[in-house]
Amino acid sequence: MASTKKADLGPLVGAVDQGTSSTRFLVFNSKTAELLSHHQVEIKQEFPREGWVEQDPKEILQSVYECIEKTCEKLGQLNIDISNIKAIGVSNQRETTVVWDKLTGEPLYNAVVWLDLRTQSTVENLSKRIPGNNNFVKSKTGLPLSTYFSAVKLRWLLDNVRKVQKAVEENRALFGTIDSWLIWSLTGGVNGGVHCTDVTNASRTMLFNIHSLEWDKELCEFFGIPMEILPNVRSSSEIYGLMKAGALEGVPISGCLGDQSAALVGQMCFQDGQAKNTYGTGCFLLCNTGHKCVFSEHGLLTTVAYKLGRDKPVYYALEGSVAIAGAVIRWLRDNLGIIKTSEEIEKLAKEVGTSYGCYFVPAFSGLYAPYWEPSARGIICGLTQFTNKCHIAFAALEAVCFQTREILDAMNRDCGIPLSHLQVDGGMTSNKILMQLQADILYIPVVKPSMPETTALGAAMAAGAAEGVGVWSLEPEDLSAVTMERFEPQINAEESEIRYSTWKKAVMKSMGWVTTQSPESGIP
């Protein structure tokens, strides 16, 4: 049996999925898109000061090597030959910023994570310099000036970290988002590592012109970023280089997509107007807008969705970002200790079946779309003597759904065509109460693929379809049909509206919380 199995699997494709809270390596069958094996490692987040979020780039890289090795061992136990792995795709947490030394391969500071808020005063100083009648930053990048994006994190590192300044002066510094750091390291690092990124990750730096698809000189001058430290920008599906070490040495790395773009591809949202929502550390709703940039009037971002090959056209998306989704569950677990594992929240919420008028706005890092309000902070309101931890757990799940509803409303207003259903993926979608709540609060069906690993799948598809690899067809008739689970709304529309308008009231109360900024620099 095992030997026949070995023979008929065909070419396989691996995917590195480097997220905010964990790293995974997954291996798919390129003909059926079936997930064969994977391994996952949780990543530590460091909070050196209030509002600061950092990770160790070396720990991230080590976790990638560990996941690859362990997955290869598991495949061996399944009698699957790892020499069938023909390509590797990379998908990554976006905006997280790393600067490293190209001569030693050492990071010059921790990775500054997308959620980090230390750049608030940097943002305030820069916004004073944007002319009111010509927001050239937004028109070129599709992004509002915010702590979220890489350019301001990089500016902060250049202003505050002597090691980074010195390396730039001596022409030793390289900048990258996590994809660039991983690809450079995996393709040899100091021994000829490839310094590149793809259009989707580049479009989140705030230094990239999403119309010309190039680094923008005017933007780099505005942020004071030396262009020579930036990676080369490539399409999301082409051979960047070969693995230089480990069990998969010699295998091409040929796919690269920021995690949200990867999920859009993995959900097969290739048509104009198709949308997906990913429930991870944050929540990210992307809608494919085809070959045209749609600029939002309602607080959404315009971003590059994908470009699946050097000579292939670029696709754009509208995106709504919620900073805190799964992170609120992690917070209930690690900070409050009301659950021991993330899975327990479903049990607590189920016990009460309602938040009993309790509302939770998890604005730990300010509010992202559609408000872009950095002064907001988290609040739990509507408490009575009757409220217990089950109600707070329920309110936390509800918060994720309300935040998604706000983005969906904005998207419907921008696109003019209301979504008839929402495709969902990501770790939290295994929570059935959350999915049912989401359908109730949106008042449209929520549709979930039976294989929830769509982010990794998207990276694998891009890698397998690359020119010179060619083991994965992206033609609509060749894409394997995915089985779906549907959640239909079960409450009446009126009740849904009342709950939503109360949530809006709670959001208003969370705003304007921070009046004076805490000291932001002071690093040697």
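Going through (1) 172; (2) 271; (3) 147, the figure that equals volume of the Cα convex hull per residue in Å³ as computed for the structure here is (3). Per-residue ellipticity at 222 nm from helix content only, as computed over the chain with -39500 (n - 2.57) for each DSSP H run of at least four residues, stands at -10000 deg cm²/dmol.
Which whole-number percentage describes the relative contact order of region 34-193, with Cα contacts under 8 Å and a sequence gap of 6 or more?
25 percent
Checked against a 24 Å cut-off, the cross-linked pairs Lys44/Lys166; Lys102/Lys163; Lys128/Lys217; Lys86/Lys312; Lys86/Lys307; Lys74/Lys102 give Cα-Cα distances beyond that limit for Lys44/Lys166; Lys74/Lys102. Reported to the nearest whole Å, the Cα centre-to-centre distance from region 466-490 to region 264-320 is 16. Ordering of 255-264, 375-384, 321-330 by packing is 255-264, 321-330, 375-384, highest average first (other Cβ atoms within 10 Å, averaged per residue). Region 180-231 and region 350-411 have Cα centres lying 36 Å from one another. Taking a ≥ b ≥ c as the square roots of the eigenvalues of the Cα gyration tensor, an a/c ratio of 1.5 or more together with a/b larger than b/c marks region 12-258 as prolate.
Readers should treat all values here as calculations from the given coordinates under stated rules, not as data from a laboratory. The structure presented is a predicted model; accordingly, all values stated were derived computationally and were not measured. No Cβ is skipped: glycine too gets one built from the backbone with ideal geometry, and neighbour counts run over all protein chains shown.
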